[in-house]
Amino acid sequence: MTRELSYAQAVGEATVQALEADERVFVYGIGVDDPKAIFGTTKEAARRFGPSRVFDTPASENALTGLAIGAALGGLRPVLVHARNDFLYYCMDQLANHAAKWHAMFGGVMRAPIVVRAIVGKGWGQGAQHSQSLQALFAHLPGIQVAVPATPYDAKGVFLQAVSGNAPVVIIEHRRLHDVKAAVPEERYTVRPGQGAVVRKGKDVTIVAVSLMVSEALAAAEALKARRIDAEIVDPRWVKPLDKALILKSLKKTGRLVVLDTSWKTCGVSAEIAALAAEEGFSYLKAPVARVALPDYPAPTSAALEPLFYPGTREIVAAVERTLGRKVGRKVASSGPRQEAYIGPF
Amino acid sequence: MIDCSGRPAALLKDLFTRMTLIREAEEKIAALYPEQEMRCPTHLSIGQEAIPAAVCANLRKDDTVFLTHRCHAGYIAKGGDLNKMIAELYGKATGCTKGRGGSMHLVDPQAGLMGTSALLAASIPIACGSAFAFKQQKQDGVAVCFFGDAAVEEGTFSESLNLAALWSLPVVFVCENNGLSTCTPISRRQPSIPIAGRAEAAGIPAQALDGNDVLAVYDAASKAVARARQGRGPSFLECATYRWREHVGPNFDWDMGYRSEAEVRRWMAADPIKRFEAGLDAAGALPKEQRRLIREGILEKVEAAVAFAKKSPFPGSLDLEGAKA
Ligand SMILES: Cc1ncc(C[n+]2csc(CCOP(=O)(O)OP(=O)(O)O)c2C)c(N)n1
């Protein structure tokens, strides 16, 4: 019998196992040991390992990030946790100018492997400053690895990889995935950097999706199936390094590419993957690449505007139909992003 | 006891009105929030009303104010449009940001409410910039920035204080020290040195105040605002107070375990409005009957704002053109 865990539980289990396996690991950040414990993800770790290894911090994100670098240089394995991606902007200098560069800038004589977990909010009016997805920002920087786990299995695997690897890693979790349950092995395992996965096999079109958009892609694939379109879904799991080979292999098979991202379209991950197709997969393409991502606009809060802002099945189906040269615009049974069962406050 | 004797009747009435309007609006939001129609994270200021009321009573309409995620009270105290505020919480097109910002991002430029940030300490340097604009253009406006005790921990706090002191900016920093950052007490976040002392160390005159004593805050703010207006530079007010409800949302939360019910009850007994009313009674000022009438008028105003919000239309489109850089 396979055991099921929620994504949040999987992160929590990975955290406990990392603390258990390696006494150099410590976990810190605003609220990690408070009653909410980062949506429960650090609760068990705090209970088991106590304040010497799992501890709350002042609201000093940039300094906490610099502290992680110094601690890593001193032989520790820091895991810094943020309840929202948006707070990562405060860490930007230490992440971009320092953590990312510590290895190469010093000629490879040192490493500063730090792990940063940050969660994307969505819905219930999280709004412009509490719902950003910053994977592209970090993927842009040489020297940082960026994971965007979409399943409980991957959430555990990328975490355990990050705390045992030798590069700085930013893990972008999605709050809307935290309650999703699936099979997760009890033992420790890793999802290697640059190791993507085909989450649905198909032959007509390749959908590359990250984070929450993987589940949107799976929902859309059902709608597409009803239209006799057989979609293959590729989840890169890491946007840096990116599993180019897997994406190109699928593209070679289907000849059509639709890219889904949880963040903005302009200069985002979807642009990078489209560029990959143009540069290295041009001869496979039977149609222009289509992208489904956020419009260039900060997330609005109104319950009437959120559904207009976030793309879902309708937009994905339309994009796929465009790449297949089909007429777009026929009614899709389930349209827009699926409504959250979630009830406030957040 | 808050000593109200010898104070102008108009001032006492003004302070009472501002505090009561904040309280009643917040209580109404708390009562209605469970209907699930205000679909945005909502941080209430119940228990902290005296500080924004007292500070804003010293401001002109054209003075500017910058706020945080917990921005309802400052918005109301500075004269923000109540209808537009409640409509914003309901995500309506008639809201102060047309359903874009929600509870954490209230603004009303007509009332000098020039910005709120849900990111800690972020509005502090922006307030300094507003003060800089006044100074550069030889205007006698004053910029005021409200923030919580956790904002003090961010780097930009220290950077901003240095700028303000160095350039003698007409800005008043108001720290509402409620001793909590979400569920973490200040003792676990800062060494036990007074926040006001940090400002002093940066070269800014600072005072630690009982933030639930509306007249104490009023007097200190009055000096600080005058100082700024006369071009004599920034001031800092650290105001001790307490948040009654949960960090975000309408409920009491002593069952969560990060604070005791006794602690909350102690602070509720030190209710800034009740304390003020006791002082008014002792001084024979603003009689009970007058207060009742004021409160009645406020309740009507709040009801009207809710009705306005509920019947207002939702925004129909994202207006992407408006967001183009
Ligand atoms: C840069 C940043 N880090 C963390 C948070 C998460 N956060 C939101 S409110 C809050 C507590 C703030 O406490 P304080 O500044 O004292 O204000 P209060 O909520 O007590 O009014 C925290 C940690 C945030 N909004 N921004």
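The values are calculated or read from the model by the stated rules, or taken from the named source; none is laboratory data. If you're wondering where the values come from, they're calculated on a predicted model, not measured in any experiment. Reconstructed Cβ throughout: ideal geometry from the backbone, glycine too, with neighbour counts over all protein chains shown. To get the accessible areas, we keep the full protein, side chains included, count just its heavy atoms, and leave off ligands, DNA and RNA. Shrake-Rupley method; radii C 1.70, N 1.55, O 1.52, S 1.80 Å.
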ask   = Among the helices of chain A (complete DSSP H runs), which have Cα atoms covering no less than 30 Å along the helix axis and a Kyte-Doolittle mean of at least 0.0?
value = none
message = Percent of Cα-Cα pairs more than 38 Å apart in chain B, please.
response = 11 percent
ask   = Based on the Cβ-Cβ distance of A:VAL109 and B:SER168, what FRET efficiency does E = 1/(1 + (r/R0)^6) give at R0 = 56 Å, to the nearest 0.05?
value = 0.75
request  = Can you tell me the dipole magnitude for the stretch B:25-108 around its Cα centre, using point charges on the Cβ only (Lys, Arg +1; Asp, Glu -1), in Debye to the nearest 20?
outcome  = 240 debye
request  = Tell me the label-point distance for the pair B:LYS223, A:VAL328, using the 7 Å Cα-to-Cβ offset, in nm and rounded to one decimal.
outcome  = 6.5 nm
request  = Determine the alpha carbon to alpha carbon distance for each of B:LYS28/B:LYS84; A:LYS181/A:LYS225; B:LYS28/B:LYS310 and list only those over 22 Å.
outcome  = A:LYS181/A:LYS225
query = So which lysines can A:LYS240 reach, going by Cα to Cα under 20 Å and dropping same-chain residues fewer than 8 places off?
reply = A:LYS101, A:LYS156, A:LYS249, A:LYS265
inquiry  = Given Cβ point charges of +1 (Lys, Arg) and -1 (Asp, Glu) and nothing else, what value in debye, to the nearest 20, does the dipole of the stretch A:87-175 about its Cα centre take?
reply    = 80 debye
ask   = In what order, largest first, do A:ARG111, B:ARG70 sit by accessible area if the probe radius is 1.4 Å?
value = A:ARG111, B:ARG70
message = As I understand it, the dipole of chain B uses +1 on the Cβ of Lys and Arg and -1 on the Cβ of Asp and Glu, about the Cα centre. Which of B:GLN36, B:THR97, B:HIS69 lies farthest toward its positive end?
response = B:THR97
task = Pull up the DSSP beta bridges for the protein assembly as shown and report the antiparallel fraction as a percent, rounded to 5.
result = 20 percent
task = State the answer as a single residue: which of A:PRO35, A:HIS98, A:LEU88 lies farthest towards the positive end of the charge dipole of the stretch A:22-100, with beta carbon charges of +1 for Lys and Arg and -1 for Asp and Glu, about the Cα centre.
result = A:PRO35
Extension gain from A:LYS286 to A:ASN97, taking 0.36 nm per residue of separation minus the Cα-Cα distance = 63.9 nm
query = Which longest uninterrupted range of chain A lacks any GluC sites (Glu not before Pro) assigned by DSSP to a loop state (not H, G, I, E or B) and surrounded by at most 14 other Cβ atoms within 10 Å?
reply = A:24-185
message = Translational diffusion coefficient of the protein assembly as shown at 20 °C, 1.002 mPa s, Stokes-Einstein with Kirkwood Rh over Cα pairs, in µm²/s as a whole number.
response = 81 µm²/s
message = Take B:PHE314 and B:ARG232, extend 7 Å from each Cα along the Cα→Cβ direction, and tell me the distance between the two endpoints in nm.
response = 5.4 nm
query = Which value in deg cm²/dmol, rounded to the nearest 500, describes the helix-derived mean residue ellipticity at 222 nm for chain A, given -39,500 (n - 2.57) per DSSP H run of n ≥ 4 and division by the residue count?
reply = -9000 deg cm²/dmol
query = Going toward the positive end of the dipole of chain A, with +1 on Lys and Arg Cβ and -1 on Asp and Glu Cβ, which of A:ALA72, A:VAL11, A:VAL198 do you reach last?
reply = A:VAL198
query = Counting only other chains, what is the mean number of Cβ atoms within 10 angstrom of the Cβ of each residue in peptide A:29-37?
reply = 4
Sites matching trypsin sites (Lys or Arg not before Pro) across the stretch A:216-256 that sit in DSSP coil, with at most 15 neighbouring C-beta atoms within 10 Å = A:ARG227, A:ARG228
message = Need one number: % antiparallel among DSSP beta bridges in the stretch B:9-317, to the nearest 5.
response = 10 percent
task = On a C-alpha basis, how far is the centre of the stretch A:82-102 from the centre of the stretch B:154-214 in Å? Whole number, if you could?
result = 25 Å
remark   = Rounded to 0.05, the calculated FRET efficiency for the beta carbons of B:ALA304 and B:ALA278 at R₀ = 25 Å is 0.25
query = What pairs from B:LYS78/B:LYS135; B:LYS92/B:LYS274; B:LYS288/B:LYS311 go past 26 Å between their alpha carbons?
reply = B:LYS92/B:LYS274; B:LYS288/B:LYS311
ask   = Label points 7 Å out from Cα along the Cβ direction at B:GLN137 and B:LEU293: separation in nm?
value = 4.1 nm
Net charge dipole size for the stretch A:1-120 [Lys, Arg +1 and Asp, Glu -1 on Cβ; Debye, nearest 20] = 160 debye
request  = Would you mind telling me which residue in B:LYS13, B:LYS311, B:LYS84 has the biggest mean-square fluctuation in a Gaussian network model of chain B, where springs connect alpha carbons within a distance under 10 angstrom?
outcome  = B:LYS311
ask   = Heavy-atom accessible area of B:TYR258 with all protein chains present, probe 1.4 Å, nearest 10 Å²?
value = 30 Å²
message = Give the aspartates and glutamates whose C-alpha is closer than 15 Å to that of A:LYS203, dropping any in the same chain fewer than 8 places away, or say none.
response = A:GLU222, A:ASP230, A:GLU232, A:GLU321
